[in-house]
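Visitor: This structure is in structure tokens; I'll ask about it shortly.
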Amino acid sequence: MADITLHTDNELQRTVVPNYFIDAYMVHANGEYVKVYLYLLRCMNDPMMSFSVSDAADKFEHTEKDVLRALRYWEKMRLLRLEFDENGELTGICFPDASNALPAGSAVSPAQPATVAQTPVKADKSPSRGNARADGPSPRRTYSAAELRRLKEESDIQELLFVAEHYIGHTLNPTEMNAILYWKEELHFSGDLIDYLIESCVTKNHKSVHYMEKIALSWAKAGITTVTAAKEESSAHNGLAAAVRRAFGIQGRDFVPYEKSFLDKWQKEFGFDGEIAACACERTIRSIHQVSFEYADSILKNWHSHGVRTMQDVQALDALHQERTREIPPARTGNGPRKNRFNDFPQRSYDTGQLEKELLNYGIN
């Protein structure tokens, strides 16, 4: 591969690492990507040095695809501008003017990284859960036809798209390819995780990438980055869903999105398992004699507010309710005298049989 020309829009005379790069970009980027960026800065400011993808790969003991992947990452962050010839070969890398990276006088916080044109900065992939950004995954970008052609030349992406076509059952269209590349490049899903995502959705007769993307975004928001974590999430959700299905007697159909929103709420927001959710559903049927996710939700919301975590907690709350109920005196029935200003005095008792005899004797006499 030929040498690549490096040039800039500003007048840097020495190797300088901009503060905004350290504050807003470096802390969230893959360490190998950072090495490539710093190496580019070094080459940029030394007229005796040249840069090529192969040289950079040799220097850091990477493959050329690893270096190109780092360059594309920084281009997405808008810290670089890659230039290609008509054959799609990389011929130039431009560093945009650093003064355009952030508004003058603005402060950068690691918690709220800023980028050129307000492009969100994404956290690097991690083998554990719980590292998702608070503001959620970045919005999906649309790859150009030229970018799609270049990406499809990479062996790992070729394999990924081939597996996706096998599961979905047809040649992928640009929209589907964009979605899958988004999961890989933007959400930082591994090939194995994407394979599992597609396989699990197709197994449930959901071949739409729009449906798959909803699952992918929920995983990204939850910090799920491994197949093991995804299976654990799926197992927990399916267990609760199966319990609710049995309690409500739902058969022959899947939950509609409105119902699924309740299942997600009960599991993720309230932290309830299938046993507790099923108990609330059973009480719903006993109380109103029909399926109502809203009624069950009111029960679970009340339990959640009282700190319920297990069925033992539910039983303790029931016992407390029964004890308080016994302490309240029973209300008068409609048959007894109601106290008011007319009868708020001792009532006389009468023998109705004796009264009848007296009336009869009175009539005879």
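Visitor: Within 26 Å of W219 (Cβ to Cβ) and among the acidic types (D, E): which single residue out of E294, E323, E282, E259 fits that description?
Guide: Residue meeting the stated conditions: E259.
Visitor: May I ask you to say which residue of D254, D195, D273 is over 15 Å from the mean Cα position of the chain (by Cα) and closer than 30 Å to I157 by Cβ?
Guide: After applying the criteria, what remains is D195.
Visitor: Quick one: how many residues across region 247-256 are at pLDDT 85 or above and surrounded by 12 or more Cβ atoms within 10 Å (Cβ to Cβ)?
Guide: Of the residues in that region, 3 qualify.
Visitor: A further question on this structure: Looking at M44, M77, M49, which is the one that is among the aliphatic types (A, V, I, L, M), loosely packed, with under 14 Cβ neighbours inside 10 Å and either out of contact with any Leu (no Cβ under 7 Å at 6 or more places or on another chain) or in contact (Cβ under 8 Å) with a residue 24 or more places away in the chain (or both)?
Guide: Among M44, M77, M49, only M49 is among the aliphatic types (A, V, I, L, M), loosely packed, with under 14 Cβ neighbours inside 10 Å and either out of contact with any Leu (no Cβ under 7 Å at 6 or more places or on another chain) or in contact (Cβ under 8 Å) with a residue 24 or more places away in the chain (or both).
Visitor: Can you list the helices (runs of 4 or more DSSP H) lying wholly within region 1-79 that have 2 or more residues being modelled with pLDDT under 85?
Guide: Once the helices (runs of 4 or more DSSP H) in region 1-79 are filtered for at least 2 residues that are modelled with pLDDT under 85, what remains is 31-44, 64-76.
Visitor: Modelled with pLDDT of 85 or more, farther than 24 Å from G239 by Cβ and either more than 46 Å from the chain's Cα centre (by Cα) or in a helix (DSSP H, G or I) (or both): does that describe L320?
Guide: In short, yes.
Visitor: Also, I was wondering about something else. Only one of (1) in contact with a helix residue (DSSP H, G or I) (Cβ under 7 Å, 6 or more places away or on another chain); (2) modelled with pLDDT under 85; (3) surrounded by 13 or more Cβ atoms within 10 Å (Cβ to Cβ); (4) not hydroxyl-bearing (S, T, Y) fails for N100. Which number is that?
Guide: Condition (3) is where N100 drops out.
Visitor: Among the candidates V227, V244, single out the residue that is farther than 19 Å from L181 by Cα, at pLDDT 85 or above and not small (G, A, S).
Guide: V244 is the lone residue from the list that is farther than 19 Å from L181 by Cα, at pLDDT 85 or above and not small (G, A, S).
Visitor: What pairs come out if I take residues in region 268-286 that are under 12 Å from L240 (Cα atoms) and pair them with residues that are at pLDDT below 90 and charged (D, E, K, R) whose C-beta lies under 6 Å away, six or more apart or interchain?
Guide: none
The values are calculated or read from the model by the stated rules, or taken from the named source; none is laboratory data. Model, not experiment: these values are computed from the prediction. FYI the Cβ positions are ideal-geometry reconstructions off the backbone, even for glycines, and counts take in every protein chain you see.
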